[in-house]
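Since the structure comes first, as structure tokens, the remarks are kept for the end.
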Amino acid sequence: MELPFELNKYHKTETKYSWKKIGLDMSNFNEIYENYITARNCDICNKTFKNTKDRRFKISSKNVVCYSCINTKEFINRDDIPFILNKHHKSLTKYSWKKSGLDMSNFNEIYENYITSRKCEICEKTFKNSNDRMLKTSSKKVVCFSCLRTKEFINRDDIPFILNKHHKSLTKSSWKNKGLIFNDNEFEAIYEKYITSSKCELCSKTFKKSVDRHMEHEHKNGKFRNIVCNKCNQLKSDNKKYSSNTSGYAGIAKHIDKNCKQGFIWEFSVHINGKIRTIKSSINKDFLIEFADNWKLENNYHT
């Protein structure tokens, strides 16, 4: 076998160790090595090697190349793709989307739509380069950077105010934290009434914006009563009594508990050294109030 350059007798062993270290599949090493040591020209630019140090081995394509071509990127070559893409673009994109929480069950379909897109699906702005394209995770639309930040809204004629698409889930969580007690069916009915309301049910004042509406409820049992304005909500007698908590007793408040039959429990908490500490929980409010009075006397606690 004629070699273009003289090689050290340990060259094969050293080369095998080097290629194995950088992750080359060694199953057909001998064949690849034979091609490497007999190569006289670069497989990409056809430049003639002057010495053995001029040769480089390109792992991705298994070509023998010169130093200039070793750093040359390989690209996806398709007529329906408007921009040049690196050959690793798909795997890098998959990793990025997976990290951002995208459902990967139909990744190939979404990716094909993404790389062939030329215009934003919302404002129809033409993309100037590949970096202009963004995938809107919530709707799986290919959009421009400006439209990526655009919030999606509930679009219904019977709703007087513009609502964010996540308004329902946020509202449900907020009502639970405020002490309203309801099951899923009750929530659906109350929420529909709430988002379509345009006037206070007590004084008939027209709401100017969505946050003007308040869920007026009975603080003793958490039952919904009316959708009212802020003024009417403050005038309710039990709202005055339970302004700081939902029990009428300082330090005792209602907390949602799905494991409890009534759907909530009462918790007695106090401030000790600047931190809130829960002392006792009970489903019986009257018992807990009696316990709290005794505890405060025994521990000389003053609010």
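The values are calculated or read from the model by the stated rules, or taken from the named source; none is laboratory data. All values derive from a computational prediction rather than experimental measurement. Reconstructed Cβ throughout: ideal geometry from the backbone, glycine too, with neighbour counts over all protein chains shown.
Going by the conditions given, is Glu121 farther than 17 Å from Phe83 by Cα and either surrounded by fewer than 17 Cβ atoms within 10 Å (Cβ to Cβ) or modelled with pLDDT under 85 (or both)?
Details: farther than 17 Å from Phe83 by Cα: yes; either surrounded by fewer than 17 Cβ atoms within 10 Å (Cβ to Cβ) or modelled with pLDDT under 85 (or both): yes.
Yes: the conditions hold for Glu121.
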Checklist entry - Here are Asn273, Asn284, Asn230: which of them is at pLDDT below 90, surrounded by fewer than 16 Cβ atoms within 10 Å (Cβ to Cβ) and in contact with a helix residue (DSSP H, G or I) (Cβ under 8 Å, 6 or more places away or on another chain)? => result Asn230
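Is it true that Ser100 is closer than 18 Å to Thr150 by Cβ and of a type outside the set (A, V, I, L, M)? Break it down into steps so the answer makes sense when it comes.
Values: closer than 18 Å to Thr150 by Cβ: yes; of a type outside the set (A, V, I, L, M): yes.
Here the answer is yes, as Ser100 does meet what is asked.
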Next on the checklist: Consider the stretch 91-111. How many of its residues are at negative phi, exposed (fewer than 10 other Cβ atoms within 10 Å of the Cβ) and in contact (Cβ under 8 Å) with a residue 24 or more places away in the chain?
Outcome noted: 1
Checklist outcome for this item: Per the list (1) more than 30 Å from Lys136 (Cα to Cα); (2) surrounded by 12 or more Cβ atoms within 10 Å (Cβ to Cβ); (3) at pLDDT 85 or above, residue check on Lys62 breaks on (3)
Item to check | So Lys172, is it within 30 Å of Lys261 (Cβ to Cβ), assigned to a helix (DSSP H, G or I), in the same structural domain as Ser210 (by TED's automatic domain parsing) and modelled with pLDDT of 85 or more | outcome: yes
Checklist entry - Which one of these is part of a loop (DSSP other than H, G, I, E, B) and surrounded by fewer than 10 Cβ atoms within 10 Å (Cβ to Cβ): Asp43, Asp25, Asp80? => result Asp80
Checklist entry - What is the residue count in the stretch 175-200 for residues that are in a loop (DSSP other than H, G, I, E, B) and at pLDDT 90 or above? => result 3
Checklist entry - Looking at Glu192, Glu186, Glu201, which one is acidic (Asp, Glu) and within 16 Å of Cys229 (Cα to Cα)? => result Glu201
